[in-house]
Amino acid sequence: IADNYSDHLHIPVGHPGLTRLFGKSYAIEAQEWVDRMEGELRDDESANPSERAYQRYLPPVDHLPDSHRRKWLYYKLFPCVAFDIYPHQFDFMQWLPVSGTTSVIREISYALPDDRREMRAARYLNWRINRRVNAEDTELIARVQKGMESESYEPGPLGVSEVCLRSFAAT
């Protein structure tokens, strides 16, 4: 789960929705004990109805600087805590390994009170988008785990661009 969270190469292949929302703006950065990922919502509308509606209905959040009003930020703290920060809410996630191949995931969302219809829609649509992302990640992780159990599996080098995974492996 930790590797998948910080691996940016799987985003264009495994998450077509995030790719439609962020385009080429998805970026990663590794620091000691923390990975930072971010994506800026594109101005051109997605072909997906939920993504397009999210882009349209996300209202301005006055307490945020302009640079963060359409940005999704992700932070992973070593070894198993993550924060997803959206313009409209904050998600906390923790995964607890229970065996070498199984973990329990705990997550909760927090948000400031905001009864605007557009805000309620944006939060619901974010939930829909991220449920799809979680399902895609679950499938990817299961496939990777199955591949690693194969007798033909051999670990290979990490790509130079995988700064977060390289940092995590070195910790």
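Restricting to segment 19-40, count the residues that are open to solvent by less than 40 Å² (accessible area, probe 1.4 Å), assigned to a helix (DSSP H, G or I) and either among the aliphatic types (A, V, I, L, M) or touching a residue at least 24 places away in the same chain (Cβ under 8 Å) (or both).
Counting residues in segment 19-40 that are open to solvent by less than 40 Å² (accessible area, probe 1.4 Å), assigned to a helix (DSSP H, G or I) and either among the aliphatic types (A, V, I, L, M) or touching a residue at least 24 places away in the same chain (Cβ under 8 Å) (or both) gives 2.
Hey, does segment 41-61 have a residue that's in a strand (DSSP E or B), modelled with pLDDT of 95 or more and open to solvent by less than 20 Å² (accessible area, probe 1.4 Å)?
Checked against the condition, which is being in a strand (DSSP E or B), modelled with pLDDT of 95 or more and open to solvent by less than 20 Å² (accessible area, probe 1.4 Å), segment 41-61 yields no hits at all.
Condition check: hydrophobic (A, V, I, L, M, F, W, C), assigned to a helix (DSSP H, G or I), modelled with pLDDT of 95 or more and within 15 Å of the chain's Cα centre (by Cα). Does Ile141 satisfy that?
So Ile141 does not fit the description; no.
Out of segment 1-18, which residues are open to solvent by 40 Å² or more (accessible area, probe 1.4 Å) and either acidic (Asp, Glu) or over 21 Å from Pro157 (Cβ atoms) (or both)?
Scanning segment 1-18 gives Ile1, Asp3, Pro16.
Would you pick out the residues in segment 70-79 that are buried (at least 17 other Cβ atoms within 10 Å of the Cβ) and either without any contact (Cβ under 8 Å) to a residue 40 or more places away in the chain or under 15 Å from Ala111 (Cβ atoms) (or both)?
Listed by number, the residues that qualify are Arg70, Lys71, Trp72.
Under 8 Å between Cβ atoms, at least 6 apart or on separate chains: pull out the pairs that start in segment 82-106 with a residue that is surrounded by fewer than 14 Cβ atoms within 10 Å (Cβ to Cβ) and end on any residue that is assigned to a loop (DSSP other than H, G, I, E, B) and modelled with pLDDT under 95.
Leu96/Cys80; Pro97/Cys80; Val104/Val98; Ile105/Ile1
Within segment 52-104, track down each residue that is farther than 20 Å from Gln31 by Cβ and hydroxyl-bearing (Ser, Thr, Tyr).
Tyr54, Tyr57, Tyr86, Ser99, Thr101, Thr102, Ser103
Do you know which residues across segment 80-133 are assigned to a loop (DSSP other than H, G, I, E, B) and either in contact with a strand residue (DSSP E or B) (Cβ under 9 Å, 6 or more places away or on another chain) or modelled with pLDDT of 95 or more (or both)?
Passing the criteria: Cys80, Tyr86, Pro87, His88, Gln89, Val98, Ala111, Leu112, Pro113, Asp114, Asp115, Arg116.
How many residues does segment 125-137 contain that are out of contact with any Phe, Trp or Tyr (no Cβ under 7 Å at 6 or more places or on another chain) and under 19 Å from Phe92 (Cβ atoms)?
Residues meeting the conditions: 6.
The values are calculated or read from the model by the stated rules, or taken from the named source; none is laboratory data. All of these numbers come straight from a predicted model, not from anything done at the bench. Positions of Cβ are backbone-derived with ideal geometry, glycine not excepted, and every protein chain shown enters the neighbour counts. Please note that ligands, DNA and RNA were not included when accessible areas were found on the heavy atoms of the full protein model with its side chains. Shrake-Rupley method; radii C 1.70, N 1.55, O 1.52, S 1.80 Å.
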